[in-house]
Amino acid sequence: YAEPTQDFDVIVVGGGPAGATVSAAVALRGHRVLLVEKETFPRYQIGESLLPSTVHGVCRILGVEEEMARAGFKPKRGGTFRWGRNRDPWQFSFALSPRLADPTSFAYQVERSRFDAILLDNARRVGVDVREGCRVTGVLADEERIRGVRWTGPDGEVREAAARYVVDASGNGSRIHPHVGGKRIYSDFFRNIAVFGYFAGGERLPAPNDGNIFCAAFDEGWLWYIPLRDDLTSVGAVVARENADAVQRDPATAWRRLIDACPEIRGFLDGVPQATETPYDQVRVRKDWSYWKSRLWRPGMALVGDAACFVDPVLSSGVHLATYGGLLAARSINSSLAGSSDEARLFAEFEARYRHEYGLFHEFLVSFYDMHQDERSYFWKARKVTNVGTTELEAFVELVGGLASGDASLAGAGPAGERLTAAADDFERAVRRLPDADDLRNPLYESETFRQVFQEGTVLQERGLLGGPLETEAPLRPGGLVASEDGLAWVESEQ
Ligand code: FAD
């Protein structure tokens, strides 16, 4: 065991997607990075359905996109839902976004043990000093800033290491996140519990949508059905917190009962045995996952991934937020280490963009749940109250976005407004080009928020595919910064 001999520019705590991303993106700029991971990979994790922005954006920037393509993961073209008032399943494909045209109109369904190992090995390859089987137990701090970490090696001996920045990417179970922004703020809305396990096979949707995530709502909640391999399917139930006692008392029985209560998923699994290979032979439970923090950084330290925030499993935003958050933090760290602007401004950019992205999903998913749980739809209410927007969903977004007054300058003025308008125009053109596509009946596409979510993802993808966005990127806020051409730092906007 070789002791790390030097101080570091950055110490990253945790080697999941968030930690592997931020560490590699900083090492790619030539900085000295230590990553401390308590497990020895490969290790199990839930969160198997990815978004295109991770696959073609972040993975490409990190130099790992080709390895992902060779790994044999199941391509995911979109999502299929039995959800909301519509009794028939409906689906969307990523290709519906004009910016997600081939060859980037898909993501993957991944075994996380393999995906996370690919990202962590890549971090090691680009120069990160990765220490598995080591645990961070605390941070070193003085009055001004965080200055390093205290950690134990495989021999159990306590060590200290110093760095200009510490990034907490230690996930949901982080012990050090309170050093930034105090306690987690738990969502009152997403107070659900999940129970999940695996089957050794299962029916697939008809091609070409056989790699889609299938989500089916039923009386007690909803189920995900994720095809990982021909002989492996991830099936999880998300139900209200009131079921926690029964689920925790006997997870395997609760899981089976919930699958039986959902005819669509039950039908797909008729006669299929439960998986017996490790680590898929267990039924697991997770709860208390929906939280955010009042601050995501302080001098010398930033939070990314589940250490910072998570919304809810539906629509698979977790790994996207983790990898995008990791990239955003790396940009601020790289720029700060290069002395290109002052730390507060650089990290304010990280925090604003991360919060914005989280906010888009949070806001949208609240609506998405209400669509099936509450007949008196939130969108319908918004339309009724404000009488703005062309659809009920748009009225909702305008209301909570502060645009219900209809004052055009609020929506149209400023670069961010122009960018969203451009995205909406692209979308309308795409709709006109595909008048008969089934997917277009999906009310999601009428939502401005949904377009914004796609827009954020596609800017990342363009950067990965073409080495930069198709249009000059506008700052998120007046006076804000934009990403450098390689996506690894912040630069002044030309607009
Ligand atoms: P993690 O993947 O949790 O990695 C953190 C790492 O830090 C771990 O390897 C851990 O061992 C290490 N660590 C912890 N403490 C220490 C320490 N003290 N010292 C050193 N190392 C430490 N997301 C999706 O994108 N798609 C999905 O389909 C999806 N489904 C989900 C379903 C459920 C029920 C839940 C709860 C979440 C789901 N998610 C999904 C979210 C996803 O699991 C997380 O958002 C994602 O794993 C976060 O990545 P991360 O790198 O932040 O954390």
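Before moving on, here are some points about what is shown:
- One way to sum up the overall shape of the range 310-372 is the equivalent ellipsoid from its Cα gyration tensor, whose semi-axes run 30, 11, 5 Å, largest first.
- Where only C-alpha atoms are counted, convex hull volume of the range 216-273 per residue in Å³: 80 Å³
- Size of charge dipole - the range 148-246 - debye, nearest 20, with Cβ of Lys, Arg +1 and Asp, Glu -1, no other charges: 580 debye
- Per residue solvent-accessible surface (Å²) - the range 146-186, probe of 1.4 Å: 49 Å²
- Pair-distance profile P(r), taking every C-alpha pair of the range 170-280, with 5 angstrom steps and integer %: 2, 11, 19, 19, 16, 13, 9, 6, 3, 1, 0
- The shape of the range 257-330 can be summarised by an equivalent ellipsoid whose semi-axes, obtained from the alpha carbon gyration tensor, come to 36, 14, 12 Å from longest to shortest.
- Scalar couplings 3J(HN,Hα) for the range 137-150, obtained by applying the Karplus form with A = 6.51, B = -1.76, C = 1.60 to θ = phi - 60°, are 10, x, 10, 9, 8, 10, 5, 7, 7, 7, 10, x, 9, 9 Hz; x denotes Gly and Pro.
- Each Lys and Arg adds +1 at its Cβ and each Asp and Glu adds -1 at its Cβ; summed about the Cα centre, the range 46-143 shows a dipole of about 580 debye.
- By average C-beta atoms within 10 angstrom, highest first, the peptides 135-141, 298-304: 298-304, 135-141
- Annotation: amide H of residue 141 within the under-5 Å range of 147, sequence separation 5 or more or interchain, hydrogens built in the peptide plane.
- The HN-Hα couplings worked out from phi for the range 155-167 by the Karplus form 6.51 cos²θ - 1.76 cosθ + 1.60 (θ = phi - 60°) are 7, x, 7, 7, 10, 10, 9, 9, 7, 5, 9, 10, 10 Hz, whole numbers, x standing for Gly and Pro.
- Amide H within-cut-off set for residue 12, under 5 Å, with H built and near neighbours excluded: 34, 35, 36, 167
- More than 18 angstrom apart: percent of Cα pairs within the range 16-68: 40 percent
- The Kirkwood radius of the range 101-239, taken over pairs of alpha-carbon atoms, gives through the Stokes-Einstein law at 20 °C and 1.002 mPa s a diffusion coefficient of 111 µm² s⁻¹.
- Most tightly packed first, judged by the mean number of other beta-carbon atoms within 10 Å of their residues, the peptides 208-216, 321-329 read 321-329, 208-216.
- Sequence-ordered 3J(HN,Hα) estimates for the range 313-321 from the Karplus curve with 6.51, -1.76 and 1.60 and θ = phi - 60° stand at x, 5, 6, 6, 8, x, 5, 4, 4 Hz, glycine and proline given as x.
- Split the accessible area of the range 131-216 by element, probe 1.4 Å, and carbon with sulfur accounts for 46%.
The values are calculated or read from the model by the stated rules, or taken from the named source; none is laboratory data. Keep in mind it's a predicted model, so treat the numbers as computed, not measured. Positions of Cβ are generated from backbone atoms using ideal geometry, with glycine treated the same way; all protein chains shown enter the neighbour counts. In case anyone asks, the SASA skips ligands and DNA or RNA and just uses the protein heavy atoms, side chains included. Shrake-Rupley method; radii C 1.70, N 1.55, O 1.52, S 1.80 Å.
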